[in-house]
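Taking it in order: structure first as structure tokens, then the write-up.
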Amino acid sequence: MRDVIDLHTHSAVSDGTDTPTELVATAAAAGVTVLALTDHDTTAGWDEAAAALRGLGSAGSASGAPGLRLVRGAEFSTVSPDGHGGTVTAHLLGYLFDPADPDIVAEQERVRGSRRERVRAMGERMAAGGLPIDGDALLARLPADSPAGRPHIGQALVDAGVVGSVPQAFEELLRKDGPYYVEKYNTPIAAAIAMIAAAGGVAVFAHPFARRRGPCVDAAVIRDLAATGLHGVEVDHPDHDADDRAALRALAAEEGLLVTGSSDYHGTNKTTPIAAETTATPVLDALVRRATGAEVLAG
Ligand code: AMP
Ligand code: FE
Ligand code: FE
Ligand code: ZN
């Protein structure tokens, strides 16, 4: 059976639109055989996804359908040196770490708290600019410890009829270089890599050259991080063009980094379908061999 491995997806626990249960069903229906749930700065969706997988498992064995495996992960919000004296925000995928690790629990709580403060602050700026956004009302509709983000503001702008879609909200109003942007607290990337490793997990730099989102790291930064414990880089990602993929692939080969591919599926908050990009089976096997913090679950 051919593997279809998607190592980066979001549920409604962060800024996707499928519940973890719906995400597992979406993956199974699309023929995905290995799904990583990687919500931003939280592991709160893991239990529901695992329960949904168990439900599928019994249905699967009755019908003889192939099982789905679940790799539990998270996308950590970090700040990285940019390679020429400044810093940039960067996303780091952590896989199969111990979700009860006290350092990770505390750090993710800190980032989620800062995310909510920042939704309030961006909401105030937008309201002052005449846009019908109330950050407090928006947050009140989310769980108390939600990793709220710009897509939630984008959805509120859609609901208010200001824009037609969340991607359009990003293009016109939520951009980093736009008038309403406020930065949040982000974990220094080297500390995040160390934290994930200490909790038995594997760290992969997410979409390092996603240039249309804003400034990115230089290749030299990835080399430095490889020397200090980074395990892999996400190369095949919808926000990477062919040249950047080629450059990243060459760099990964030189540095001995795992090369992953994934959709970064967010349900209807983005246009990319699940499994639009995938990871090779030997890479998954290597990743799982390096992890000691959490089991891969089979459906
Ligand atoms: P935040 O983490 O709150 O800064 O928001 C960043 C998130 O917004 C990313 O994780 C993506 O899910 C989403 N995002 C970034 N750019 C776009 C875009 N152009 N269209 C739709 N969603 C986007
Ligand atoms: Fe996101
Ligand atoms: Fe990301
Ligand atoms: Zn993501």
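The values are calculated or read from the model by the stated rules, or taken from the named source; none is laboratory data. Here the structure is a predicted model, which means the values were calculated and not measured. Positions of Cβ are generated from backbone atoms using ideal geometry, with glycine treated the same way; all protein chains shown enter the neighbour counts.
Side notes on the structure shown:
- Residue check, ALA226 more than 16 Å from ligand 4 (Cβ to nearest atom), free of Cβ contacts under 8 Å to residues at least 12 places away in the same chain and not basic (Lys, Arg): no
- Test: ILE196 is touching a residue at least 24 places away in the same chain (Cβ under 8 Å) and within 16 Å of ligand 4 (Cβ to nearest atom): yes
- Hey, ALA100 assigned to a loop (DSSP other than H, G, I, E, B), away from ligand 2 (no atom under 16 Å from the Cβ) and more than 22 Å from GLY299 (Cβ to Cβ) or not: yes
- Test for VAL217: is it modelled with pLDDT of 95 or more, over 19 Å from THR38 (Cα atoms), more than 14 Å from ligand 1 (Cβ to nearest atom) and assigned to a loop (DSSP other than H, G, I, E, B): yes
- Of the listed requirements (1) within 16 Å of ligand 4 (Cβ to nearest atom); (2) modelled with pLDDT of 95 or more, ALA242 misses just one: (1).
- Where a residue in segment 130-150 is free of Cβ contacts under 8 Å to residues at least 12 places away in the same chain and farther than 18 Å from GLU183 by Cβ and its partner, wherever it lies, is within 16 Å of ligand 3 (Cβ to nearest atom) and assigned to a loop (DSSP other than H, G, I, E, B), with Cβ under 6 Å and at least six apart: LEU142/ALA148
- Yes/no for LEU248 being of a type in the set (A, V, I, L, M) and surrounded by 23 or more Cβ atoms within 10 Å (Cβ to Cβ): yes
- Qualifying residue in segment 187-203 (condition: more than 26 Å from LEU230 (Cβ to Cβ) and modelled with pLDDT of 95 or more): no
- Picking from residues in segment 229-244 that are touching a residue at least 24 places away in the same chain (Cβ under 8 Å) and outside any loop (DSSP other than H, G, I, E, B), the one that is farthest from ALA74 (Cα to Cα) is ASP244.
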